[in-house]
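Visitor: This is the structure, below, for whatever I ask next.
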Amino acid sequence: MGGELALSTRPKAKEARPTTSKVFVNGKEVKFTAFNIGGNNYFKLRDVAKVINFGVAYDGKTNTISIDTSTVYTE
């Protein structure tokens with residue numbers, strides 16, 4: 001599998017539908033706003049970070065996202 005983030009030489013619009021997949025964390029179902037696009041589920045990183053409790057930061061200067069599992073989630 002994989003390749004869902006590869007750039008296409010001929011991009012085309014794809015339909016995003018709310019996912020019907022269930023997500024469980026520590027045996028409990030967690031509700032996310034998530035979408036299925038082309039058979040792949042997409043979640044907001046901050047939503048996942050909040051539930052699992054890890055740090056996420058965005059650097060606008062370098063246009064990068066950092067994930068730090070040694071820190072806790074902050075809004």
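The values are calculated or read from the model by the stated rules, or taken from the named source; none is laboratory data. Since the model is a prediction, treat every value here as computed from it, not as a measurement. We place every Cβ from the backbone using ideal geometry, glycine too, and count neighbours over all the protein chains shown. We work out accessible area using only protein heavy atoms, side chains counted, and drop any ligands, DNA or RNA first. Shrake-Rupley method; radii C 1.70, N 1.55, O 1.52, S 1.80 Å.
Visitor: Anything in segment 1-39 that is closer than 25 Å to residue 68 by Cβ and assigned to a strand (DSSP E or B)? List them, or say none.
Guide: 23, 24, 25, 28, 30, 34
Visitor: Still on this structure: Would you point out the residue of segment 40-75, among those that are of a type in the set (S, T, N, Q) and not in a loop (DSSP other than H, G, I, E, B), that is nearest to residue 3 (Cα to Cα)?
Guide: Filtering segment 40-75 for residues that are of a type in the set (S, T, N, Q) and not in a loop (DSSP other than H, G, I, E, B), the one nearest to residue 3 (Cα to Cα) comes out as 40.
A quick yes/no check of all residues on (1) open to solvent by 100 Å² or more (accessible area, probe 1.4 Å); (2) not hydrophobic (A, V, I, L, M, F, W, C):
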residue: 5; (1), (2): yes, no
residue: 9; (1), (2): yes, yes
residue: 16; (1), (2): no, no
residue: 20; (1), (2): yes, yes
residue: 24; (1), (2): yes, no
residue: 33; (1), (2): no, yes
residue: 41; (1), (2): no, yes
residue: 44; (1), (2): yes, yes
residue: 50; (1), (2): yes, yes
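Visitor: Looking only at segment 48-67, how many residues end up being touching a residue at least 12 places away in the same chain (Cβ under 8 Å) and either within 16 Å of residue 16 (Cβ to Cβ) or of a type in the set (A, V, I, L, M, F, W, C) (or both)? It would help to see each step written out before you state the result.
Guide: We begin by selecting, within segment 48-67, every residue touching a residue at least 12 places away in the same chain (Cβ under 8 Å); these are 48-56, 65, 67.
Then drop every residue that is not either within 16 Å of residue 16 (Cβ to Cβ) or of a type in the set (A, V, I, L, M, F, W, C) (or both), which leaves 48-49, 51-52, 54, 56, 65, 67.
Residues flagged as touching a residue at least 12 places away in the same chain (Cβ under 8 Å) and either within 16 Å of residue 16 (Cβ to Cβ) or of a type in the set (A, V, I, L, M, F, W, C) (or both) within segment 48-67 amount to 8.
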